[in-house]
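Have a look at the structure below before the remarks.
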Amino acid sequence: MLGQRRMFAKRSMSSNHHKPKQPQPARPERLLPKANAKIRVNILYDDGHVLALDKPIGLPTQPGRGHIADTLVNAAFATHGEALCKLGADRDWGLLHRLDMDVGGVVLMGLTEIGYDNVRAQFEDRTIAKKYLAIAHNAPPADTGRCTRALTEVIRGDMKVSVNLPRGGEDAQTRWKVLSKSKTHCLLEVEPLTGRLHQIRAHLAMVGCPIVGERVYRPDLPPNTSRAPAGRAMDPLLLQAWEIEFRCVAGTMQRVRSKLGIDMLQFATQQRWQIPV
């Protein structure tokens, strides 16, 4: 009898210390996105397998904390929801890559399994050519060149940023070409050969020409804030995902370009630079 009581006591203690875990809420990017027809996004390319959209500056790419139904993916669901829904969360609802919220330009999405898998494989094999346009302070050390400083993601304050540490880090390569320049600024065509966090922004700052409007990777601001100093308005980041070239399902190469953003266009016009088309 005493043994039974002891066994009962052990079971009671065990039940108190092993309460069932509460189910964790699904991450926003795993939930079925809601269609949002109020977000207007230009369609740059659509062959039935792959979709290219021109993401506006300031629009998040995909749902996440604080942005559930006001993203590029939500806009795409308003026009191509049936196809994207079939791809499911395991294929990121068709999303093939992402852009920072402050960066506008071309974003690719798959519309079919074969379209998504085909382009996804090209990203993994690094056979997709992506070109950005950037307006930067100063000029790089040469009109053409490459930054190969390894990057490591770290948490600074409330932000995740990429830094170059003395040891370690992931391979990161960014190629640039000066298209136009003045005494104080330059227009760059930039090609990221790898895909690290904030890679272009971090690398250009490291070679001495931070992007105009940069609020993280520049010497007069700490790398843990996106707020401008007191008395200075927040300027738009003059970086755009301008062109992307990939092989479509049919086997031919496709080159898609976005239109130059109004802020970059105005800046280039003031400098009397030739505008790429």
Take every DSSP beta bridge with both residues inside the chain and express the antiparallel ones as a percent of the total, to the nearest 5. 95 percent
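Only Cα pairs under 8 Å and at least 6 apart count here; give the relative contact order of the chain as a rounded whole percent.
Reported as a whole number, the value is 17 percent.
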Just check the range 129-277 against the gyration tensor rule for me: Cα atoms, a ≥ b ≥ c as the square roots of the eigenvalues, rounded for a/c under 1.5, and otherwise prolate or oblate depending on whether a/b exceeds b/c. oblate
Residue separation times 0.36 nm, minus the C-alpha to C-alpha distance between Leu165 and Lys259: what's the value? 30.2 nm
Pairs over 24 Å Cα to Cα, from Lys55/Lys131; Lys131/Lys259; Lys34/Lys131; Lys177/Lys259, come to Lys34/Lys131
Cα gyration tensor shape of the range 63-197, rounded if a/c is under 1.5, else prolate or oblate by comparing a/b with b/c: prolate
R0 = 45 Å: FRET efficiency of Ser182 with Glu113, Cβ-based, nearest 0.05? 0.40
How high is the relative contact order of the range 129-277, given as a whole-number percent (alpha carbon pairs under 8 Å, six or more residues apart)? 26 percent
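Where a ≥ b ≥ c are the square roots of the eigenvalues of the C-alpha gyration tensor, would you call the chain rounded, which needs a/c under 1.5, or, failing that, prolate if a/b is larger than b/c, or oblate?
It comes out prolate by the Cα gyration axes.
Read-outs throughout are calculated quantities, based only on the coordinates presented, and are distinct from any laboratory measurement. Just so it is clear, the model here is predicted, and its values are computed rather than measured. Glycine gets a Cβ as well: all are built from the backbone with ideal geometry, and neighbour counts include every protein chain shown.
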